[in-house]
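Working notes for the structure below.
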Amino acid sequence: MSETAERTLEVRRLRKRSRHFLALILLSTAGLTACSNADESTFADKFEASELHFLGSFCEGPYFAVRDGNYILFDGTKYKTLLKNITITAIGPDRLSMSSPVGSGNLVTTYLIKHDDTVAIIESIAREPEPTPEQWATAAGIQFREGIEEAGKMGPLVLCPASTTQKKTEDLHFVANEM
C-alpha cells in the first residue's frame, strides 16, 4: 500500500501594491516589445534608403542600393539591376532578410547589422526552396553556386546616406556643363 502525505501549504495573497507592481512590469514589457518592432521596421527602412558602400571607401565610389523595389549596383558610371522585386524584412534586432523571386523560388540574403546599424555584413545567401542535386549539377546551377560563393566573400558594407554619391554626381554634371 502506498501512503500519501498531504500537507497544506500556506500561500500568501499578493498585496495590492505587489499586484500593481506586477501589472506595471507586464505593461512595460509589452511596451518594450512594441518599441522593438517599431525599431526593426525603422531599421529596415534605413537599409532601404541607404547606399551600401564598401567599408573604407568613405561613402564614395561604387555602391549597392534599393531603388524602386530593385537591388541595384552603381559602378560609378552606370546602374545595373541585380535583383528585381525585392522584399526587405527585419528578422531580429540585428538582422535583415532581403528576398527576391528567382526562377521558381526565392533568393534570400540575410544581413547581419553591426556598429549602431551602420555596417551590413552578408551572413548567408540561400535559394528557397533548396535546389535539388540535379539542379545544382546543371551549368546554370554551377554558375548560380559560384555567384553565391563570390557574393558571400564580399566584405562589410557601410550604410551611407543616399544623397552622398548623387550629390557628387550632380556636382560633376554641373561643372561639366559650365565648361
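The values are calculated or read from the model by the stated rules, or taken from the named source; none is laboratory data. Fair warning: this is a prediction, and the values are worked out from it, not measured in the lab. Cβ atoms come from the backbone with ideal geometry, glycine included; neighbour counts cover every protein chain shown. Each accessible area value is taken on the protein alone, full model and side chains, heavy atoms only, with ligands, DNA and RNA left out. Shrake-Rupley method; radii C 1.70, N 1.55, O 1.52, S 1.80 Å.
Residues of segment 109-167 that are acidic (D, E) and at negative phi: E123, E128, E130, E134, E146, E149, E150. Of the residues S104, S124, S100, the single one that is more than 14 Å from K46 (Cα to Cα), open to solvent by less than 30 Å² (accessible area, probe 1.4 Å) and among the small types (G, A, S) is S100.
Scan segment 49-63 for residues that are open to solvent by less than 50 Å² (accessible area, probe 1.4 Å), assigned to a loop (DSSP other than H, G, I, E, B) and closer than 11 Å to V158 by Cβ and the total you get is 2. Of all residues in segment 72-92, those satisfying the criterion of being more than 17 Å from the chain's Cα centre (by Cα) and either more than 21 Å from G103 (Cβ to Cβ) or assigned to a loop (DSSP other than H, G, I, E, B) (or both) are F74, D75, G76, T77, K78, Y79.
Residue under question is T109, and the condition is that it be of a type in the set (V, I, T), surrounded by 10 or more Cβ atoms within 10 Å (Cβ to Cβ), in contact with a Ser or Thr (Cβ under 9 Å, 6 or more places away or on another chain) and at pLDDT 90 or above; does it hold? Answer is yes for this residue. D45 meets each of the listed conditions (1) part of a strand (DSSP E or B); (2) at pLDDT below 95 apart from (1). Flag not set for V66, criterion: modelled with pLDDT under 90, among the β-branched types (V, I, T) and open to solvent by less than 70 Å² (accessible area, probe 1.4 Å).
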